[in-house]
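Here the structure comes first, spelled out in structure tokens, and everything after it is commentary.
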Amino acid sequence: QVQLVESGGGSVQAGGSLRLACAASGRTLSSYTMGWFRQAAGKEREFVAAIRWSGGSTYYDDSVKGRFAISRDFARNTVYLQMNSLKPEDTAVYYCAADRRMGVPRMITSYDYWGQGTQVTVSS
């Protein structure tokens, strides 16, 4: 079992930055893929970014490519999502997720464990 706790959400003006963190506990993440998803009000949850814990390969949705960066900290067992040049359309609840089966990073069904989510609000 893996427990995930997100932090770092908040309110920011368009063009600003936020850094989300996802602290994992319960298991080592050496064979995991860690992902970030988001869900805006009235919409389905969608893929944002993912990283293979071993090797560090990263994946991004086209809507955030060049603005967001996903990274990991081995010592802290934590995954980060640095979000720059934020837009109002980035407003959503952001969820961290862990995939223990090395599935397709963009697919929500690949993930076994989820955090509780953290709200990000971007005003124009």
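The values are calculated or read from the model by the stated rules, or taken from the named source; none is laboratory data. Keep in mind that what you see is a predicted model, and the values were worked out from it rather than measured. With ideal geometry, Cβ positions are generated from the backbone for all residues, glycine too; neighbour counts draw on all protein chains shown. These accessible areas exclude ligands, DNA and RNA; they are computed on the full protein's heavy atoms, side chains included. Shrake-Rupley method; radii C 1.70, N 1.55, O 1.52, S 1.80 Å.
Observations on the structure shown:
- Residue among D90, D62, D112, D73 that alone is more than 11 Å from the chain's Cα centre (by Cα), without any contact (Cβ under 8 Å) to a residue 60 or more places away in the chain and under 16 Å from V5 (Cα atoms): D73
- Residue match in the range 1-11 (condition: open to solvent by 60 Å² or more (accessible area, probe 1.4 Å), part of a loop (DSSP other than H, G, I, E, B), under 22 Å from I108 (Cβ atoms) and among the polar types (S, T, N, Q)): yes
- Checked against (1) touching a Phe, Trp or Tyr at 6+ places or on another chain (Cβ under 9 Å); (2) on the phi > 0 side of the Ramachandran plot, A21 meets all criteria but (2).
- Hits in the range 93-124 - residues which are surrounded by 15 or more Cβ atoms within 10 Å (Cβ to Cβ) and on the phi > 0 side of the Ramachandran plot: G117
- Subset of the range 53-83 [in a loop (DSSP other than H, G, I, E, B), open to solvent by 60 Å² or more (accessible area, probe 1.4 Å) and touching a Leu at 6+ places or on another chain (Cβ under 9 Å)]: S54, F74
- If you go through the range 95-124 and keep only what is modelled with pLDDT under 95, among the β-branched types (V, I, T) and in contact with a strand residue (DSSP E or B) (Cβ under 8 Å, 6 or more places away or on another chain), you end up with nothing.
- Leading residue by the ranking (surrounded by the most Cβ atoms within 10 Å (Cβ to Cβ)) among those in the range 12-52 that are among the charged types (D, E, K, R) and more than 16 Å from Y111 (Cα to Cα): R19
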